[in-house]
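The values are calculated or read from the model by the stated rules, or taken from the named source; none is laboratory data. Just so it is clear, the structure is predicted and the values come from calculations on it, not from any experiment. Here the Cβ positions follow ideal geometry from the backbone for every residue, glycine too, while neighbour counts run over all protein chains shown.
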Amino acid sequence: MSLILAPGEGERLRAPSGHYVVKQSGGALSVVEYHMPPGALGAAPHVHHGHEEGFWVLSGEITFDLADGPRTLARGGMVHVPRGVAHGFRNAGDTPASCLFLLSPAGYENYFRDVHRALENGEDLTPDRLAELRARYDTVSA
């Protein structure tokens, strides 16, 4: 069965900064949209051992912290991060930014659900607590 979502549709989840919209969950691929306010840290450097991740910048500018140094990309820019490669990202600008996460295989979108539940429960999402949640999905701090 095909999945069709109109603009704005999907499972909306709170993030420490901004919000996520899960567009596709499960199977070979998950797709998550992330909206970040100016100055937001999207993710401190980390390494995924269970999946690959792609980023497609939808609006604004996002700085990706990669092994060969930081790289800022605007709308239409894309980054592919294979398993085992350290990366992080942030909105270093003064305007909102958004990107699409492409996760293969699917499963890591459940981390975003865990973050949402923790925020809804009033938890303080310290770097240690975020690392604990990421560890459930074969992801470690870099």
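Among residues of the stretch 18-40 that are basic (Lys, Arg), those with a Cβ under 7 angstrom from a residue that is modelled with pLDDT of 95 or more and surrounded by 17 or more Cβ atoms within 10 Å (Cβ to Cβ), sequence gap 6+ or separate chain, pair up as LYS23/GLY10; LYS23/VAL31; LYS23/VAL32; LYS23/GLU33. Taking the criterion of being in contact with a Lys or Arg (Cβ under 9 Å, 6 or more places away or on another chain), β-branched (Val, Ile, Thr), surrounded by 15 or more Cβ atoms within 10 Å (Cβ to Cβ) and modelled with pLDDT of 95 or more, would at least one residue in the stretch 80-90 satisfy it? No, there is no match, as no residue in the stretch 80-90 is in contact with a Lys or Arg (Cβ under 9 Å, 6 or more places away or on another chain), β-branched (Val, Ile, Thr), surrounded by 15 or more Cβ atoms within 10 Å (Cβ to Cβ) and modelled with pLDDT of 95 or more.
Just one of the numbered conditions (1) within 16 Å of HIS19 (Cβ to Cβ); (2) in contact with a strand residue (DSSP E or B) (Cβ under 8 Å, 6 or more places away or on another chain) is not true of GLY76: (1).
Quick check: is even one residue across the stretch 133-141 closer than 18 Å to PRO45 by Cβ, surrounded by fewer than 16 Cβ atoms within 10 Å (Cβ to Cβ), over 15 Å from the mean Cα position of the chain (by Cα) and β-branched (Val, Ile, Thr)? So far as the stretch 133-141 goes, no, none of its residues is closer than 18 Å to PRO45 by Cβ, surrounded by fewer than 16 Cβ atoms within 10 Å (Cβ to Cβ), over 15 Å from the mean Cα position of the chain (by Cα) and β-branched (Val, Ile, Thr). State yes or no: is GLY54 buried (at least 16 other Cβ atoms within 10 Å of the Cβ), under 21 Å from GLY27 (Cβ atoms) and in contact (Cβ under 8 Å) with a residue 40 or more places away in the chain? So GLY54 fits the description; yes.
Residue pairs whose Cβ atoms lie under 9 Å apart, separated by 6 or more positions or on different chains, with the first residue in the stretch 89-104 and of a type in the set (Lys, Arg) and the second at pLDDT 95 or above and assigned to a loop (DSSP other than H, G, I, E, B), are ARG90/GLY39; ARG90/ALA40.
A single entry from ALA97, ALA6, ALA43, ALA67 fulfils the requirement of being of a type in the set (Gly, Ala, Ser), touching a strand residue (DSSP E or B) at 6+ places or on another chain (Cβ under 6 Å) and more than 21 Å from ARG129 (Cα to Cα): ALA97. The residue list GLY27, GLY42 contains one member that is within 27 Å of LEU5 (Cα to Cα) and at pLDDT below 95, which is GLY27. Elements of the type strands (runs of 3 or more DSSP E) sitting completely within the stretch 82-142 and holding at least 1 residues that are within 19 Å of VAL21 (Cα to Cα): these cover 87-90, 97-104.
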